[in-house]
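Okay, so here's the structure we're looking at.
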Amino acid sequence: MLKQISSIEEYTNSYKMSISQPENFWAVIAENFLWKKKWTQIFSGGFEKADYKWFEGGKLNITENCLDRHLELLGNKTAILWEPNNPSEQNRKISYNELHEEVCQFSNALEKLGVKKGDTVCLYMPMIPELTIAMLSCARIGAIHSIVFGGFSAQSIADRILDAECMWMITADGCYRGNKPLYLKKIVDEALEKCQSIKKSIVFNRSNFECPMKEGRDLWWSDVIKNCSKTHEAITMDSEDPLFILYTSGSTGKPKGVLHTTAGYMVYVAYTFLNVFQYKPEQIYWCTADIGWVTGHSYIVYGPLLNGATTLMYEGIPQFPDWGRWWDVIDKYKVNIFYTAPTAIRSLEAQGLKSIEGKSLSSLKVLGSVGEPINKEAWEWYHKNIGKEKCPIIDTWWQTETGGILISSLAGITPEKATYATLPLPGIEPIIVDVEGAEIKEMIAEGNLCIRQSWPGQARTVYKNHARFIQTYFTTYPNKYFTGDGCKRDNDGNYRITGRVDDVMNVSGHRIGTAEVENAINEHPVVYENAVVGFPHAIKGQGIFAFVACQTHPKDILSFKQEVLDIVSKIIGPFAKPDRIEIVSGLPKTRSGKIMRRILRKISEGEFDKVGDISTLLNPEVVEEIMKKIRN
Ligand code: PRX
C-alpha cells in the first residue's frame, strides 16, 4: 500500500525530490499498485506538442486496483455507504466483495451486449451505487465512460453523445431531488432522438416511474444482468489507454471532451487522496459532489476505492427534508472527513445556526473545500461551527484537466491559511506569469497561474481535437500548462487562487463558459446580440448577468425574460440560467467590433468609476445608457 506523508519534513523532502527527480519520485509511488506488466518508460514527451506520457509500456486495469487487490484483506469492509434522498428509505452498505461481484456481473452484461474496449459509453444517472458500478464496469472492460451530470438538458446530452461518438447509454428512470421528481429517462429519450449512434440504452429502475421503453433499443438493467456471472477477468489496458472523457467549459465554443488515461490518473488520484485528506483506515469519508463532475470521479469513486476507503454517496440535496440533513448524515455514519464546496457552505451559513442545533458533528476530523475560492467569512464559519475549531480545513485547488488536486495543504500536516489553497503537492511546480508571459520570480507575486512540468494525472487531450488541446492550454504561454486562473503568492510560498482570468464563470462551483450561455440566448427569435458576464453573488460565488439587445423591444418584459431563462435551461440546463437579464439597446464595442466584456463586468460589479476610458469605443453612448439603467 502507499505510504502516507506524516510530517512537514516528509512533505518538504518529498516535494524537493519530486521536482528534482520527478521520474524516480513517481516510479516509487507507482510500485504500490497492481500491474499486469511493469512500465518500460516512466515519462516521455512534453508540453510543446502535448505528447507527454506516463508509465508507458505498463499493463493494468484500474478496477483491479480499486477492487480485486483489496478483497483478501478488506473484502468485508464497506466500500460504499449510500444514503437515499428520502431519510425514511432504506440506506445501503456495499462491501468490497459485493461491489466486486456487482461490477463483474455488469461487466459481463456489457460484454454480452457487445460493448468493446475503446467504445464510448454515455452515463446519465442519479447518485446511486449503480452509477459507480456502471463506471467501474466500463473501466473493467476497457470502454471509455463519458458521464453527463444529471442537471444537463437533453440538448447537452445529445451534443456530448455526438461529440464522443457514444454507442451505448446507461441511465435510470429517474429520481427525486428533495420533493422534486427528475425524469431522467424522458430527458435521455429526447436526446436520443438526435443520436442515431446509440445502439442500446440500459435503464436502471430507481423510482418505479412510468417509463416507456423503445423496443430494440431500451433494456432494463435487471434484465441485462440476468444469468451473468459474478466473476469477470478484467481486460488488460495499456497505461495510456483512455479511461474517461469528461466535458468541461472553456472560453470559446462548445464544451471540450477532456480525456484522461489509465495509469497516470490512477497513481495521481490515489496518492493525492491519501495525502491531502490524510485518510486513515476505518475512517468514513464523504464528498458531497455529484459524480457527474470531476470531483466525484476522482474523490468519490477512484481516489477512495484505490485506497480501500469507505466512501459515502448521498443522493439528495442539503435542504431536504430540512437544512440539518447533512449534519444528520454526518452523525448517522460518524463521518470523519467531509469535503464540500464554498457555495454550499455559504447556503448553509445563510440558514443561521438553528440547523446545527442538537447535532454532534464530533466524528469530524478533516474538512475540505473545492471548486471555487473560499471567502474568509465562509472559511471561518466552517471552521468554527462545523469543525468546532479542531478540524483542519484543506482548500483544494484543481481542475477537470488536472485529474486531481494540485495545490492544497495536507490535513493537519502542512499549515493552513484561510482563503489560501497554500502549497503545491509533490510533483507540482506552479509558476506565476505576467500578461506578457514572463515568469515572476519574486516570492510575493500576483499574476496568471501556470504549471512547469507534467504530472501523471494531467489530461492527455481533448477528445478527437488535439489541436484545440494545445491551443487552449499550451499556446498562451509556450512550454507551460496555463490553468486559466489568476493567483497571488505570499512570502511563505502559499498560493491564493483569485478566480478565472478567461471567459469562464464559476457559478455555485459549476464551470460555465460565457459563450455557451450567449449562444443559447441568441436562439431567442427577437434577440440580435447579447453578452454574458459573471458578477459577485453572495451565495453562488458568481452569478450570471446577461445584457441582451433585441430587434424590437419586447412588450411584455417579464415574459420575455422568462423565455430567455427557459431557452438557457433547455439548451444547457437549469443551473446555467442567468441571475439578471438587462435589456439594452446595444453592446459596448471597439471600433473593430469586439464586444467589451471588461466594461460590462465592471458595470455588473457596480464599479462604475472603473469602466475606464470609453471615448475610443464605437458606441460610448451605450455604456452611459447601460450604467444609467443599472444605477436605477
Ligand atoms: O477557477 C478554478 C476553480 O474551479 C476551476 C476548475 O473547475 P472544474 O474543472 O469544474 O473543477 C472543479 C473541481 C476541481 C478552476 O480553474 N477552483 C477549483 N478549486 C478551487 C478553485 N478556485 C479557488 N480555490 C479552489 N480551491
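Values for this structure:
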quantity	calculated
Members of segment 602-622 found to be closer than 21 Å to G543 by Cα and open to solvent by less than 80 Å² (accessible area, probe 1.4 Å), listed by number	K602, I603, S604, E605, G606, E607, F608, V611
Hey, G412 open to solvent by 10 Å² or more (accessible area, probe 1.4 Å) and either at pLDDT 95 or above or of a type in the set (D, E, K, R) (or both) or not	yes
Unmet criterion (only one of (1) crowded, with 20+ Cβ neighbours inside 10 Å; (2) closer than 20 Å to K480 by Cα; (3) within 16 Å of the ligand (Cβ to nearest atom)) for P426	(3)
Test result for N76, modelled with pLDDT of 95 or more, in contact with a Pro (Cβ under 8 Å, 6 or more places away or on another chain) and more than 30 Å from F474 (Cα to Cα)	no
Unique match (being open to solvent by 30 Å² or more (accessible area, probe 1.4 Å), outside the structural domain of G586 (by TED's automatic domain parsing) and in a strand (DSSP E or B)) among T483, T472, T498	T498
Scope segment 523-565; condition over 25 Å from the mean Cα position of the chain (by Cα), assigned to a helix (DSSP H, G or I) and free of Cβ contacts under 8 Å to residues at least 40 places away in the same chain; matching residues	I557, L558, S559, F560, K561, Q562, E563
Checking W381 against (1) in a loop (DSSP other than H, G, I, E, B); (2) open to solvent by 20 Å² or more (accessible area, probe 1.4 Å), the condition it does not meet	(1)
Residue check, R511 basic (K, R), away from the ligand (no atom under 11 Å from the Cβ) and either outside any strand (DSSP E or B) or within 25 Å of E529 (Cβ to Cβ) (or both)	no
Filtered residues of segment 148-159 (kept if under 16 Å from the mean Cα position of the chain (by Cα) and open to solvent by 10 Å² or more (accessible area, probe 1.4 Å))	F149, G150, G151, F152
Filter pass, S249 being surrounded by fewer than 19 Cβ atoms within 10 Å (Cβ to Cβ), under 23 Å from Q155 (Cβ atoms) and of a type in the set (S, T, Y)	no
Strands (runs of 3 or more DSSP E) within segment 236-335 that include 3 or more residues within 16 Å of the ligand (Cβ to nearest atom) and at pLDDT 95 or above	242-248, 256-261
Residues within segment 369-381 that are more than 9 Å from the ligand (Cβ to nearest atom) and under 30 Å from Y247 (Cβ atoms), tallied	2
Sole exception among (1) open to solvent by 20 Å² or more (accessible area, probe 1.4 Å); (2) modelled with pLDDT of 95 or more for N530, by number	(1)
Single residue of segment 6-57 satisfying the filter (β-branched (V, I, T) and free of Cβ contacts under 8 Å to residues at least 12 places away in the same chain) that is least open to solvent (accessible area, probe 1.4 Å)	T12
Which listed residue is within 19 Å of L364 (Cα to Cα) and within 14 Å of the ligand (Cβ to nearest atom), from I394, I405, I413, I386	I394
Single residue of T472, T461, T498 found to be hydroxyl-bearing (S, T, Y), within 14 Å of the ligand (Cβ to nearest atom) and over 27 Å from G606 (Cα atoms)	T472
Index of the failed condition, V188 passing every other in (1) open to solvent by less than 20 Å² (accessible area, probe 1.4 Å); (2) outside any helix (DSSP H, G or I)	(2)
Top-ranked residue of segment 338-363 - restricted to ones that are more than 16 Å from the ligand (Cβ to nearest atom) and within 30 Å of C487 (Cα to Cα), ranked as least open to solvent (accessible area, probe 1.4 Å)	L348
Neighbours by Cβ (under 7 Å, 6+ apart or cross-chain): first from segment 446-457, of a type in the set (F, W, Y); second open to solvent by less than 20 Å² (accessible area, probe 1.4 Å) and assigned to a loop (DSSP other than H, G, I, E, B)	W455/G427; W455/I428
Any hit, segment 402-416, residues being in a strand (DSSP E or B) and polar (S, T, N, Q)	no
Within segment 514-527, considering residues that are open to solvent by less than 30 Å² (accessible area, probe 1.4 Å) and β-branched (V, I, T), the one nearest to the ligand (Cβ to nearest atom)	T514
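Yes/no matrix, rows are residues, columns are (1) surrounded by fewer than 16 Cβ atoms within 10 Å (Cβ to Cβ); (2) within 16 Å of the ligand (Cβ to nearest atom):
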residue: G541; (1), (2): no, yes
residue: F547; (1), (2): no, no
residue: H553; (1), (2): yes, no
residue: I583; (1), (2): no, no
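The values are calculated or read from the model by the stated rules, or taken from the named source; none is laboratory data. These numbers come from a predicted model, not from an experiment. Heads up, the Cβs are rebuilt from the backbone with ideal geometry, glycines too, and the neighbour counts pull from every protein chain shown. For the accessible areas, the whole protein counts, side chains as well, though only heavy atoms, and no ligand, DNA or RNA atoms are used. Shrake-Rupley method; radii C 1.70, N 1.55, O 1.52, S 1.80 Å.
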